[in-house]
1. What do you reckon, is residue A:30 aromatic (Phe, Trp, Tyr), without any contact (Cβ under 8 Å) to a residue 40 or more places away in the chain and either within 12 Å of DNA strand D (Cβ to nearest atom) or away from every other protein chain (no Cβ under 14 Å) (or both)?
2. Can you work out which of the residues in region A:17-27 that are within 15 Å of DNA strand D (Cβ to nearest atom) and touching a residue at least 40 places away in the same chain (Cβ under 8 Å) is nearest to the chain's Cα centre (by Cα)?
3. Which of the residues that make up region A:35-48 are more than 29 Å from residue B:171 (Cβ to Cβ) and near DNA strand D (Cβ under 8 Å from one of its atoms)?
4. Go over the candidates A:61, A:52 one by one and state the one that is more than 10 Å from DNA strand C (Cβ to nearest atom), more than 10 Å from every other protein chain (Cβ to nearest Cβ) and more than 24 Å from residue B:166 (Cβ to Cβ).
5. List every residue pair whose Cβ atoms sit under 7 Å apart, with the two residues 6 or more apart in sequence or on different chains, where the first one lies in region A:35-46 and is over 10 Å from residue A:6 (Cα atoms) and the second, anywhere, is more than 6 Å from DNA strand C (Cβ to nearest atom) and assigned to a loop (DSSP other than H, G, I, E, B).
6. Return only the number of the condition from (1) within 8 Å of another protein chain (Cβ to nearest Cβ); (2) more than 24 Å from residue B:233 (Cα to Cα); (3) surrounded by fewer than 18 Cβ atoms within 10 Å (Cβ to Cβ) that residue A:192 does not satisfy.
7. From the list B:138, B:152, exactly one residue is over 25 Å from residue A:78 (Cβ atoms), open to solvent by 20 Å² or more (accessible area, probe 1.4 Å) and either charged (D, E, K, R) or in a strand (DSSP E or B) (or both). Which is it?
8. Is one or more of the residues making up region A:70-78 more than 16 Å from DNA strand C (Cβ to nearest atom) and closer than 30 Å to residue A:166 by Cβ?
2 protein chains.
Amino acid sequence: MSGGEFNSWQSVQAEVLRRINAREWKPGDFIPNEAELAIEFGCARATVNRALRALAESGLLDRRRKAGTRVALNPVRKATLDIPVIRYEIESKGQTYRHTVLTQERAVPPSGIRARMQVEQGVKLIHLVTLHLADGKPYVFGDRWINPQAVPGIEAADLTVKSANEWLVANIPFEGGDFSFSAMTAGKREAEILACKEGEGLFVIDRSTWNKGLVITSVRLTFAPGYQMHTKI
Amino acid sequence: MSGGEFNSWQSVQAEVLRRINAREWKPGDFIPNEAELAIEFGCARATVNRALRALAESGLLDRRRKAGTRVALNPVRKATLDIPVIRYEIESKGQTYRHTVLTQERAVPPSGIRARMQVEQGVKLIHLVTLHLADGKPYVFGDRWINPQAVPGIEAADLTVKSANEWLVANIPFEGGDFSFSAMTAGKREAEILACKEGEGLFVIDRSTWNKGLVITSVRLTFAPGYQMHTKI
DNA sequence: TTGGACTATAAGTATATACATAAAAACCTG
DNA sequence: CAGGTTTTTATGTATATACTTATAGTCCAA
């Protein structure tokens, strides 16, 4: 009965993975419970738990109390991607980073931004358009709205020295964020700012960040042609 | 010294998060070691370990043996995103899903694909162009190369019934994948297939999947205009 | 001053035990 | 038999203890 020596949670995990891949345990199948596996593997139940929990977190197993553990039916695998800080991203490629503030103003936001940031009608926000350059060439530009009520001290900060993003991550804690990734077609404005042709496809990230129920900032990053975002499973 | 009662790893995690957000522990700071925190929180070291490990996995803490635990300097937060199975994605929006195979052939891949899939020069792969439709309208098209050596049984499968992606996830286990996200400009071919205008910006996902060192498949998904991919932290 | 050997330390892990909790399954009861 | 209650059970978690491992720091010698 004893299937060998499994004395680390990684080895247990590897064996479970092997059985899933070898289709000994097929998608949808219930697998033996923790206690049984612990006996079979000759280790403590906590060790099995650690291995199975990790696999469940990565989406490969479904676990429910009392019901048991089954191999996930639709292997919706999860990829983790690092949210880039633009300066690091550029500098890690060995390029020099520079950024310029194109415009800075207090203004009433358009309704789309207002809805996303959950502010009252007529409230003025800080509106900031910045361009980030790699080796002097346009890399990405950011169209950002900041809620000054959620960000004490922003009025006094000089955002031409440190970019708004860096100032915010360094000074304002946040709980979470929404991201969306999409593509757009370069119009006249984008073509001018990014020094590309009108009509080119551009990669776009929209991000909102919040803390304590207040939306701190909402930004649209429009990247110059050729940008790629990578990740692995 | 005892800071209160923390008798679950979640409560410990919440307290640590609070201190980070309140800047009691600033980015770059070392925090007390597990043993000290366990005493302060009045719980076992394993409980502190569980809480800190989870925070480290989400990128908020940096931990190294012997060195200790510090608040991450650049809060490169990690977002997890679900890799969509197109049919589910479409059906979960209440739309009807359909897909058609535009072309299917055995062919020698172009050098870019050959390099990415690590196959010898001159080897023929399966090349498959498919269109996925939501409510009858073009949603995304896939230009896919499959290495038949890595996929026993693919020759016999009828990929017009089940899409290649679904056939693969159902039949071939995989260890990992590379993803990249980018934007492109619709050319004549894309405009025709996706029924959009030439020159529109399109969202693109390139994905390779491998198992046991063999690249199974490499696919480029080109989405119709308007597609967005969402995620949260 | 450098470079290798040693040591101390903090995280990492394994284990037995105990109890908590969610929820499926069995058991009522009208 | 429907609907609610109890029991059972698999996962989830906490804890004390012990040992492992990576590595920052220290020490020492060439």
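The values are calculated or read from the model by the stated rules, or taken from the named source; none is laboratory data. Remember, predicted model here, so these are calculated numbers, not experimental data. Don't worry about glycine lacking a Cβ; one is built from the backbone with ideal geometry, like all the others, and counts go over all protein chains shown. In case anyone asks, the SASA skips ligands and DNA or RNA and just uses the protein heavy atoms, side chains included. Shrake-Rupley method; radii C 1.70, N 1.55, O 1.52, S 1.80 Å.
1. no
2. A:20
3. Scanning region A:35-48 gives A:35, A:45, A:46.
4. A:52
5. Pairs found: none.
6. Against the list (1) within 8 Å of another protein chain (Cβ to nearest Cβ); (2) more than 24 Å from residue B:233 (Cα to Cα); (3) surrounded by fewer than 18 Cβ atoms within 10 Å (Cβ to Cβ), residue A:192 comes up short only on (1).
7. B:138
8. Checked region A:70-78: at least one residue is more than 16 Å from DNA strand C (Cβ to nearest atom) and closer than 30 Å to residue A:166 by Cβ.
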